[in-house]
Structure formats: structure tokens, C-alpha cells
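Trainee: Quick one: the structure is below, questions incoming.
The values are calculated or read from the model by the stated rules, or taken from the named source; none is laboratory data. None of these values were measured; they are calculated from a predicted model. Cβ placement follows ideal geometry from the backbone for every residue including glycine, while neighbour counts extend to all protein chains displayed. Surface accessibility is based on the protein's heavy atoms, side chains included, excluding ligands, DNA and RNA. Shrake-Rupley method; radii C 1.70, N 1.55, O 1.52, S 1.80 Å.
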Amino acid sequence: MTSSDRLGLTTRAFFLATVLGLTLAFGDGDAYRGLVGLLLLAGVALAVGRLTPLALRWVLPVEGLLAALIAGAALPGAATLLPYLLVPPLLAGVSSGVTAVLLTAGCEVAGLLVAGLLGSPSDAWATVAEVATPWTVASLGAGLVAVWVTQLRRDARRTSQASYESARTLLSQLRTVARRLSSGLDPVSMSEQILVATSEAFGDTQSALFVRTEGGVLSPLGYRGHLARQSLVVEDHLTEACWRTMEPALGVQASGRSSTRHRVVLPLRAGARMIGLVVAEAGTAPAQSTVDDVMVVLDQHAVRLDTALLFDEVRSLATTEERQRVAREIHDGVAQEIASLGYLVDELTAHALDEAQRLRLQGLRSEITRVVSELRLSIFDLRSDISPTAGLGSALSDYVREVGARSGLTVHLTLDEASTRLRGEVETELLRIAQEAVTNARRHSQAANLWVDCRVRPPYARITVQDDGRGLGAARPDSYGLRIMRERAERINATLEIGQRDESGAPGTRVAVTIGADGA
Amino acid sequence: MTAAEPLSVLLVDDHELIRHGLARAFERAHDFAVAGEAASVEEGKELADRLQPDVVITDVRLPDGTGLDLVRQLRADKAELGIVVLTMYAGDEQLFGALEAGASAFVSKDSPSDDVIAAARHASVSPRSFAAADLTDAMRRRLTPTGPQLSSREAEVLGLLAEGLGVAGIAKRLFVSESTAKTHISKIYEKLGAGNRAQAIMIAIRAGLLSDEPA
């Protein structure tokens, strides 16, 4: 039973009960006959309405006409059947619209005219009209109210749907953009555009752009000007004021012996949210009108930048999820099966017929052990991640020390991390590239030593992984591992160099990944 | 010679082939008898209570929870039960997780079945100690301080500071400008959380960044 069926049934039942009560109290013989007629009518209307839902808009006017004929026939003696006339317009209002209500009410008027006025003696016409008119008007009103209420409910439903629809539109646009130009949604180049725009407006010599990362920390996305990295830090009262008010903050920066510098901190707003800041320094105080002009440009760019950052984050989350899934799959599937094969070989070895067979089986067993160890390390790789509190350096050092030790490599690790953090997505990609480089060294190089050097000066970072193994000679340049590293580097706009450990010809491989420009 | 009563083993792993392989291995070792097999934490707990085995071998990833939960539950009321954690997962975290849960031994699934049996033997003899193949390395890794990490240049500067050289001396020795030397020094102070040279040197010695003997 659909909700409109249920509504039809309860409405009719309610009004029939009303009419029955009134008729029992005040009705005469005509009214009782009419009551039976209405009962039959209601039953037939319900049945027809259920059988052929498409005919609903014809059922109600016909029901109205017949109900009016039945109720009108009892006039002027008994007016107790008239309340039923509210039913057809009400239901028409809920299921169809204004036209259906008018049509149904019109049919009722026609029915009343035919049965009431023509069936009664002419001296009673005034009484008939007096009794019937209020009910006719009431039924029309009920119908129109029903139309209005139904419309309101429909609107409410549409509003809750609207947010999904706009999200869907945005996402499909993003997909199109991301497919067409992978650099179109690159936060770093967007940050450069913003800094260029501010520089042109203020004629500033240095500027910096910071974005808010997950932990609420401001992470630099770009610097412009050779002193920007040292002088443009974010811990000052201007930054704080700008962050609090979401408005530009201007001030004078007394920087020691050199001449007075004017500092501007501009908010990057996306809607009602702060996504970051632009800090700029200029020789002269900028005019308010210039600041206003720049803010118009910045507000536009900020939304784009926010979209790009969000897109990066979403992509990173999706990848992490997928890695966990793949790890589970390997763990529960192929790894266990090969491990159980190992136990089988152990059993065969125990029952070997002669020494030669036993040795062959032992060889097989050590191969299986090697494969399972590889799978365990792959699962470990897939599951390892950067903790939001510890940062790239500590994740990298944990990984390198553990994996290095497991594969008998002597690890030499140098970490040089600034107190500011890179964006989470960038940290993750850098860790993955380093993991891949370490894995390559471990698997193919037969090296004894592994040197890992990590230097982080956001937005600059450089990780170098070197080994003293047999070098790249054996590895195909199109190997899967190298391709993965290249793809990852491209994704964050980093440069990847793969080559000999040093120019003098000492064996070994060197993989270096660099992001941003070194400023210190 | 009549053999002593064999030790009863309960195998908990959701992979049937693994259980089968281990069961055959325990049958070959004559001092063990497989009392039962379970494929989940709940089943493992129930069988351990019912069969009262001498040793429980459990996987870590189980369909209804982690094997370490099972270890904790079993250890809570069976102080003398031998418990061996057998896992496909690599990583020191896993090893220390097993140790902290109260396991008697930790074996990875790439090890031959003889290693599992050896671990089970160890677990039955001294259930309240802990044995694992790479325990020493893991301990060493855990104990190595993950304190301040200096760049090679900064380490060099720190060495010169410890020698007693001033800013000018360091700049001269390293062929850099005084301001560069100053930057390195302030960076070192920042990383070590030191306010002055004496403090920096003390912290560096304690963190193992400098050897005690004069360079």
C-alpha cells in the first residue's frame, strides 16, 4: 500500500465516520439512503484508485460529482451528508494540483445544482443554497490548502537534495579538470600565481604564502624574494590579527639596521573559512584601494587554491585506503598460501628419501622463505604511514632503520628537519618515493651500505637515497619501481634524479627527489 | 623407553592450509599432540577453556579481532600457559605488541615449521619469558634515541664548538662567513633546545651526538 493509498483510505474513513455520526444524530430516511450510497461510492473510488493509479485524476472529479448528487438528493431535509464533499478536492489537492482541485470542486457544484436545486421544490432553493454553499467553499478551500502543503513538503525535499546535487556537479567538474590537465589543480603553481599577483600590486620585494594544514599549523606553500624565507615568519601580531578578523592587516616592520619596511598580511578566504595567508613586505605603505583591489583577486584565487588542496587531500585519502585494502588482500590471500606451501615443503624435507633430495627441498624451502619475507615487507610498506604528530623525518627514519636492518644493510641516516611541516599529501608522496628507492636498493643492488639523507625546509625538501651496490646497470630504465617513483614525483611537482652514486665511477645508485627551491 | 605425556597444542588461525601444515609439523615432533584447531578469537578462547592445552599458537589477524586480544584474555587467567604469536606482519610494533600482550614467543610466518615447534617448546617450558628471532635488533632499535638529528655540517660545527672554538674560529676553520657559522650555531641550539654553548654541549653528549673524549 502506497502512502497515497493510505491517505485516500484514512481521509475517506474519517469523513464517512463524521457523516455517519451526524446522520445517526440528525438524519432522516433520505439521509440513511444517501449514507449507504456514499459508503458504496467511497469503496468503489478506493478500489478504482488502487487498480488504475493513472486514472486518479478522473476518479476524484467523478467521485465529487456522484457524492454531490447523493448529498444533494437528501437536501433540504438533511444536510448531514455534505461534509463528505471535502474528501475529493482534498485528495485532488494532495495528488495533483490546483487544476484538479478546481475541476473536482466544479463537479461538486454541478452535482449539487442538479440534485439539490432541481430535486427540491422551488420555494426551498434558498435554504438548499444556504446549507450547501459553505460546504462547497470549504471543500474548495481544503483542496487549495492541500495543494499548498504538498508543495511545501516537496520544496523541503528538494532543498535537502540540493547540497548533494551541487557537490556532484563540483566533483564531476573536478574530475574533468583533473583528467584534462594534471597541473591545472596544482597548489604550488597556484600559490606562485597568487604571489605574482600580490607582488605586482604592491611592488613588494618579498612575499610568502602559507596554508593551514590538518593540524591547524601554517605550512609555507611558496616564497618570493630572496629574503622571504628568513624574514617572513608567521608568528607576529599582524598574522594573528588577520587570522582572527579575516581582514587584511597592515603594519610597520622595524627590521633592525635596515630601512623601515611595511608589512601586509592578507587573508586567503574560501567562503567563511580561512585557508591561509599571504605575507608581503614592501618599501612603501600600500594604499587602501590597492589592498582592496588585491583582495578581490585573492578571494578568487583562494577558492581555486582551496579546491586544489582539497582535491589533493581527497586523492591522498583514497590512495591510503586503497593501500590498506591491498595490504589486507596480500596478507589474507597469497602470503598465507605460500607460507602454507612452505610448511608442506618442511614436511617433504622431513621425509626425504636421500640426502640429494633433502638438499633440493631445503633449497626450495629457503626460496619460499625469501618470497614470504618479501611479501611481509610489501605488506609492511603498504601499511606504513606518516603520523600526524611526528612528521616525515621520523616516519622515514623508522622505516629505513627497520627495513635496512631486516635486509642486512648498514643504514646511515641524516635528518635535517625544520620546525615547520610540509603538507600531509606531499609528506606521504615523499615517503613513498623513499620507500621505493630503499626497496630497489634492497632487492636489486646487493649493497652493504645505505645512505639516506633527508632535508626538510618547507616548502623545500630533498631526500637522497644512495647505496654502494652494483648500480643501475642491471635495472631496466622502464622498471616498475622507477616508473612508480617518477609518477609520484610528477604528482607533487617534484624532480627525481636517478643515477650513479658519484661521478668518480664508484659503484652504487643514487636516487634524489627534490621539491621546491632551496632557500637556506 | 616410554615417552612422557605429549604436550597438547591449540592452533588458532583462520587459514585452514596454515593450520593443516602446522598440525602435520606438530605430529612429526613426537613430544606434541594437536588438541584442537580454531579459526577465530572467540573459538580460540572457548577451546582454550575447554581443552586446557599446554600451548596456544595464534595468528594476529583473525576475522573477529586481533590475536593479541586473545593473548591478553588467555594470559589474564592462565599464567602458566605457553602462548606463541605467529604472524605475517612485519615491524617492531608487532613484536612489541606480542610482548606486551603477554605472549611467550613470537614467530613470523616466513620461518620454517621447525622454528614454530622450537618456539612452542620454549613457550611450554618458560611461558613467562619472551623469545623472538630478532628481539635483540628490535630492542636495540627501540633503545637508540630518536633525539635531535643534526645535519652533517651541523655535526661538524658542534664538534668545533666542543673543541672550544668561537664563531670566528669556526668560520675560519670551515672557510665560511661568520654569519653562516652563526646560523649553524643557532640552528644547533634550536635543535638541541639549548640556550648557550655549555648547555648545547651537555645535551649533545647526553644524546650521544658527541663522544666524551676531546676530539
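Trainee: Roughly how many nanometres apart are two label points built 7 Å out from the Cα toward the Cβ at A:D28 and A:T150?
Mentor: If labels sit at A:D28 and A:T150, their model points lie 3.8 nm apart.
Trainee: Output the antiparallel fraction of DSSP beta bridges having both residues in segment A:387-520, as a percent to the nearest 5.
Mentor: That works out to approximately 70 percent antiparallel.
Trainee: According to a simple spin-label model (label point 7 Å from Cα along Cα-to-Cβ), what is the distance in nm between A:R273 and A:R158?
Mentor: Taking the two extended label points, one gets 2.8 nm.
Trainee: Sticking with this one: Mind checking which of B:G21, B:G36, B:G164 has the largest fluctuation in a GNM of chain B, springs on alpha carbons under 10 Å?
Mentor: It is B:G164.
Trainee: Sticking with this one: Does segment A:387-520 come out rounded, prolate or oblate by the C-alpha gyration tensor, with a ≥ b ≥ c the root eigenvalues, rounded set by a/c under 1.5 and, if not, prolate when a/b is larger than b/c and oblate if not?
Mentor: prolate
Trainee: Let me ask another. Compute the signed sum of charges (Lys and Arg +1, Asp and Glu -1) over the other residues within less than 12 Å, Cβ to Cβ, of A:L39.
Mentor: Computed value for this residue: +2.
Trainee: With just the Cα atoms defining each centre, how far is segment A:363-419 from segment B:88-151? Give it in Å.
Mentor: 16 Å
Trainee: Among B:S126, B:T58, B:L81, which residue has its Cα furthest toward the positive end of the charge dipole of segment B:7-143, with +1 on Lys/Arg Cβ and -1 on Asp/Glu Cβ?
Mentor: So the residue furthest toward the plus end is B:S126.
Trainee: Read phi for every residue in segment B:14-22 and hand back ³J(HN,Hα) as whole Hz from Karplus 6.51 cos²θ - 1.76 cosθ + 1.60, θ = phi - 60°, with x for Gly and Pro.
Mentor: Values, residue by residue: 7, 9, 4, 4, 5, 4, 4, x, 5 Hz.
Trainee: Using each residue's phi in segment B:119-126, evaluate 6.51 cos²θ - 1.76 cosθ + 1.60 at θ = phi - 60° and report the 3J(HN,Hα) Karplus result to the nearest Hz, with x for Gly and Pro.
Mentor: 5, 5, 4, 4, 5, 6, 7, 10
Trainee: Still on this model: Using a simple spin-label model with points 7 Å from Cα along the Cα→Cβ vector, what separation in nm is obtained for B:L51 and B:E100?
Mentor: Modelled inter-label distance: 3.0 nm.
Trainee: What's the angle, to the nearest 10 degrees (0 to 90), between helix A:187-202's Cα axis and the longest principal axis of chain A?
Mentor: 90 degrees
Trainee: If you don't mind, there's one more thing I want to ask. Provide the FRET efficiency to the nearest 0.05 for the A:T319-A:A350 pair, computing r from the beta carbons and using R0 = 35 Å.
Mentor: So, using R0 = 35 Å, E works out to roughly 0.20.
Trainee: So, one more: Can you list, bin by bin at 5 Å, the percent of alpha carbon pairs in segment A:3-156, starting at 0?
Mentor: Answer for segment A:3-156: a P(r) of 2, 11, 20, 23, 20, 13, 7, 3, 1, 0, 0 percent.
Trainee: Taking chain B as the reference, fit the longest principal axis to its C-alpha atoms, fit the long axis of helix B:178-192 to the helix C-alpha atoms, and give the angle between the two in degrees, 0 to 90, nearest 10.
Mentor: With both axes taken from Cα atoms, the answer is about 30 degrees.
Trainee: Taking 35 Å as R0, compute the FRET efficiency from the Cβ-Cβ separation of A:E165 and A:V196 and round it to 0.05.
Mentor: The computed FRET efficiency comes out at 0.45.
Trainee: Another question, then. Rounded if a/c is under 1.5, else prolate if a/b beats b/c, else oblate: with a ≥ b ≥ c from the C-alpha gyration tensor eigenvalues square-rooted, which is segment B:7-143? Could you put the intermediate results ahead of the total?
Mentor: Details: a/c = 1.41, a/b = 1.28, b/c = 1.10.
Rounded is the answer for segment B:7-143, as its axis ratio a/c remains below 1.5.
Trainee: Out of all DSSP beta bridges in the protein assembly as shown, what portion is antiparallel? Express it as a percent rounded to 5.
Mentor: 60 percent
Trainee: For chain B, give the share of DSSP beta bridges that are antiparallel, in percent and rounded to the nearest 5; count only bridges with both residues there.
Mentor: 10 percent
Trainee: Another question, then. Could you tally the net charge around A:A67, taking each other residue with its Cβ under 11 Å from the Cβ of A:A67, Lys/Arg +1 and Asp/Glu -1?
Mentor: -1
Trainee: Return the long-range amide H neighbours of A:L221 (sequence gap of 5 or more, or a different chain), with a cut-off of under 5 Å between placed amide H atoms.
Mentor: Under 5 Å from the amide H of A:L221: A:L209, A:F210, A:V211.
Trainee: Would you pull out the residues with amide H under 5 Å of A:I386's amide H, same chain only if 5 or more places away, H placed 1.01 Å from N?
Mentor: none
Trainee: Multiply the residue gap between B:D137 and B:L17 by 0.36 nm, knock off their C-alpha separation, and tell me the result in nm, one decimal place.
Mentor: 40.1 nm
Trainee: Rolling a 1.4 angstrom probe over the protein chains, ignoring ligands and nucleic acids, what is the accessible area of A:T260 in square angstrom, nearest 10?
Mentor: Accessible surface of A:T260 is approximately 80 Å².
Trainee: Still on this structure, I have one more. Under a cut-off of 22 Å between alpha-carbon atoms, report the lysines in cross-link reach of B:K78, not counting same-chain residues fewer than 8 places apart.
Mentor: B:K45
Trainee: Hey, another quick one. Shape verdict for the protein assembly as shown, please, from the Cα gyration tensor: rounded (a/c under 1.5), prolate (a/b greater than b/c) or oblate.
Mentor: oblate
Trainee: Moving to a separate point now. Taking each residue in B:15-26, count the Cβ atoms of any other chain within 10 Å of its Cβ, then average. What number comes out? Walk me through the intermediate numbers first.
Mentor: On the way: counts 7, 2, 8, 6, 2, 3, 9, 3, 1, 5, 5, 0.
Mean partner-chain Cβ count within 10 Å for B:15-26: 4.
Trainee: Using R₀ = 35 Å, calculate the FRET efficiency as 1/(1 + (r/R₀)^6) where r is the Cβ-Cβ separation of A:N493 and A:L364; round to 0.05.
Mentor: 0.15
Trainee: Quick check on the protein assembly as shown: helices-only [θ] at 222 nm, where DSSP H runs of length 4 and up contribute -39,500 (n - 2.57) each and the sum goes over total residues. Nearest 500, please.
Mentor: About -19500 deg cm²/dmol.
Trainee: Given the options B:M139, B:M88, B:M202, state which has the largest fluctuation in a GNM of chain B using a 10 Å cut-off (strictly under) for Cα springs.
Mentor: Sorting by GNM fluctuation, first place goes to B:M202.
Trainee: When Cβ neighbours within 10 Å are restricted to other protein chains, what is their mean count per residue of peptide A:331-343?
Mentor: 6
Trainee: How would A:R6, A:R168, A:R365 rank on accessible area, largest to smallest, probe 1.4 Å?
Mentor: A:R168, A:R6, A:R365
Trainee: Given the Cα-Cα distance of A:L310 and A:T284 and 0.36 nm per residue of separation, how much length would full extension add, in nm?
Mentor: Taking 0.36 nm per residue and subtracting the Cα distance, the gain is 5.8 nm.
Trainee: Excluding same-chain residues fewer than 8 positions from B:K187, which lysines have a Cα within less than 27 Å of its Cα?
Mentor: Filter leaves B:K172.
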